[in-house]
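What follows is a short report on a single structure.
The values are calculated or read from the model by the stated rules, or taken from the named source; none is laboratory data. These numbers come from a predicted model, not from an experiment. Neighbour counts run over all protein chains shown; Cβ positions are idealised from the backbone, glycine included. Please note that ligands, DNA and RNA were not included when accessible areas were found on the heavy atoms of the full protein model with its side chains. Shrake-Rupley method; radii C 1.70, N 1.55, O 1.52, S 1.80 Å.
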Amino acid sequence: MPRRPRNSDPAPAPMIEASQGQGAYQRLLEEIRRGQILPGARLREIDLAARLGISRTPVREAIRKLEADGLVEHVPRHGASLRRLSYAEVMELYDMRTVLEGTAARLAARAASDIELAELAEINARMTAATADPAQVSRLNRQFHAGILNAAKNRFLRNAMDSMSRTLLILGPSTLLDAERAETAAAEHEALLRALTARDGPGAEAAMRAHIEAAHRTRLRQLREAPGIWGDDGAPDPGSAG
């Protein structure tokens, strides 16, 4: 009869590597979100393993997950690299974000509990008070939008949003790093909250659509000013604009 492992027994190597692979995956996602890994950047296993303090096997697994997410591509004679989004892809992503988050707001107006609405109001109040701290504003903004999605109570919508949100990470830091945008975003949240509190589904959807479209305009301005972001699809190269 095989001996049952004691709690003190070391975990099998495959389990350790799987855990390290998930940790490496989450670490790389966060670095992409923060703009520490830029579009086109090469992801070399040996360099990442040394930087993260783990073996190459979990790093390889993390890169595979990023590739499955559509964030990483293999370039001939170059290896794994963070994808560059084309101008058309950025436009399509924000079109889909407008549709999906607008739908989430409409569903939340019907399905959100009073407690959920109060929590959204509290998050936005904290966001308004933190406009001098871009990192805090960005974190609270993610909580606010996650709260809307939770309140919509639709698992299929959540799955679609999760997939799209991972691709949006390629664009790097939030548009809310712009102080002016952070202030207007909080005001746009207030308009959305008024519609949600009134249980006005169409009004909530319209407010969310306006909010995402404003973020889209800011994002396009940021990308025009960031050389090397666009993919090779004939879009203007911001670095050659003079």
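On full extension of the chain, what length is gained from Lys153 through Ala88, given 0.36 nm per residue of separation minus the C-alpha to C-alpha distance?
20.3 nm
Relative to the Cα centre, what is the charge dipole magnitude of the chain, using +1 at the beta carbon of each Lys and Arg, -1 at the beta carbon of each Asp and Glu, and rounding to the nearest 20 debye?
In total the dipole reaches around 880 debye.
For the stretch 118-124, take each phi angle, set θ = phi - 60°, evaluate the Karplus expression 6.51 cos²θ - 1.76 cosθ + 1.60, and give the result in whole Hz per residue in order, putting x for glycine and proline.
For the stretch 118-124, the Karplus-derived couplings read 5, 5, 4, 5, 5, 4, 5 Hz, x marking Gly and Pro.
With an 8 Å Cα cut-off and a minimum separation of 6 or more residues, compute the relative contact order for the stretch 146-229 in percent.
Here the relative contact order equals 22 percent.
Using all C-alpha to C-alpha distances in the stretch 86-137, build P(r) with 5 Å bins and read off the rounded percent in each one.
4, 17, 14, 14, 19, 20, 9, 3, 0
For Arg27 and Val99, what does the FRET efficiency come to when R0 = 30 Å and r is the distance between their Cβ atoms, rounded to the nearest 0.05?
Plugging the Cβ-Cβ distance into 1/(1 + (r/R0)^6) gives 0.45.
Can you give the relative contact order of the chain as a percent, counting alpha carbon pairs under 8 Å and 6+ residues apart? Working shown, then result.
Details: 292 pairs, mean separation 58.2, N = 242.
Computed over the chain, the figure is 24 percent.
Does anyone have the angle between helix 134-152 and the longest principal axis of the chain? Alpha-carbon axes, 0 to 90°, nearest 10?
That works out to roughly 80 degrees.
Quick one: pull the percent of accessible area on the chain belonging to carbon and sulfur, 1.4 Å probe, ligands and nucleic acids left out. If you can, show how the numbers build up before the last one.
Values: 7030 of 13310 Å².
The value for the chain is 53 percent carbon and sulfur by accessible area.
Ignoring ligands, DNA and RNA, what accessible area per residue does the stretch 50-209 give at 1.4 Å, in Å²?
49 Å²
Rounded to the nearest Å, what's the spacing between the alpha carbon centres of the stretch 16-52 and the stretch 135-192? Just the number, please.
23 Å
Step by step: find N for the stretch 63-190, compute 2.2 N^0.38 Å, then divide the Cα radius of gyration by it. What's the final number? List each step's numbers first, then the result.
Details: Rg = 16.5 Å, N = 128, 2.2 N^0.38 = 13.9 Å.
Normalised Cα radius of gyration, the stretch 63-190: 1.19.
Can you tell me, using C-alpha contacts under 8 Å and at least 6 residues apart, the relative contact order of the stretch 41-133 as a whole percent?
Relative CO of the stretch 41-133 lands at 20 percent.
Compute the distance in nm between two label points, each set 7 Å from the Cα along the Cα-to-Cβ direction, one at Arg221 and one at Arg44.
About 3.9 nm separates the two model spin labels.
Which of these values of Cα extents along the principal axes in Å was calculated from the structure shown: (1) 56, 38, 32; (2) 62, 62, 33; (3) 46, 41, 33?
Answer label, from the structure shown: (2).
Can you tell me the length gained on complete extension of the stretch His78 to Ala160, counting 0.36 nm per residue apart and subtracting the Cα distance? Please list the in-between numbers first.
Values: separation 82, 0.36 × 82 = 29.52 nm, distance 3.13 nm.
Once the chain is fully extended between His78 and Ala160, it gains 26.4 nm.
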